[in-house]
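Just so you know, all these numbers are worked out from the coordinates, no wet-lab data involved. Here the structure is a predicted model, which means the values were calculated and not measured. We place every Cβ from the backbone using ideal geometry, glycine too, and count neighbours over all the protein chains shown.
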Amino acid sequence: MKINEVKKYLAEFIGTCLLVVFGCGTACVAGCKPEGGYLITALAFGLAIAAMAYSIGNISGCHVNPAVSLAMLITKKLSVRDFIGYVVSQFLGGILGAAILLAFFGKDSGLGTNALFKQNYGLSILAEIILTFMFVFAILGVTSKKKFENVSGLVIALSLTLVHLFGIGVTGTSVNPARSFGPALFVGGDSLKIVWVFLLAPLVGSAIAAFCWKYIGSKDE
């Protein structure tokens, strides 16, 4: 493995870990209640991704999310080798982040795990597909041209905040399989039984966004 690959994978590991610590950690502290908790948690996720975008963005692109990496693979901005390295690093980072939260808050806090909307699998999957589509579509658009480089981190952060503002009251907002798997792994029980929804749906939403972008974002011949 080349040194540049190690640096990229390490950046993704650190970035995902910190996203879980500060995003899910804020959910633990704020309690994710409609009375202010939703906004605080949404901002925490947005600010965390902004911090990572401007710190590791020039190293790995700051995906910190398997769904984002999948979109980059589909749009040929990421090799298969790097896709595998990124996803493994992201999941390991998510697990470490959740372990840190476990040490602080214990599993009874929920660690920011996701939940089904009204115990309905279909609606929960649909919600995550839509939320992830929105987030990934914004990423593909803002990273498509060099002139957006200076504001891309801000746009991505605001997009993540937006999907959380809507999604927290629905599924808790995943849009990120690595962010969902770590907390569910330590909380166990029903959270672990349903985590497949938050692994699958974001990937589906991401793939749809990538294929849509490939069509509408391509230049006419």
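Based on this model, can you work out whether F211 counts as within 22 Å of F45 (Cα to Cα) and out of contact with any Ser or Thr (no Cβ under 8 Å at 6 or more places or on another chain)? Judged against the criteria, F211 is not a match. Looking at L192, is it touching a Pro at 6+ places or on another chain (Cβ under 7 Å), without any contact (Cβ under 8 Å) to a residue 40 or more places away in the chain and assigned to a helix (DSSP H, G or I)? When the stated conditions are applied, L192 does not pass them. A single member of F198, F186 is out of contact with any Leu (no Cβ under 6 Å at 6 or more places or on another chain) and among the hydrophobic types (A, V, I, L, M, F, W, C), and it is F198.
Only one entry of G141, G112 meets the criterion of being in contact with a helix residue (DSSP H, G or I) (Cβ under 9 Å, 6 or more places away or on another chain), part of a helix (DSSP H, G or I), crowded, with 17+ Cβ neighbours inside 10 Å and in contact (Cβ under 8 Å) with a residue 12 or more places away in the chain, and that entry is G141. Residues in the stretch 122-157 that are more than 22 Å from K77 (Cβ to Cβ) and among the acidic types (D, E): E128 alone. Here A11, A67, A51 are screened, and the one residue that is buried (at least 22 other Cβ atoms within 10 Å of the Cβ) and touching a Leu at 6+ places or on another chain (Cβ under 8 Å) is A67.
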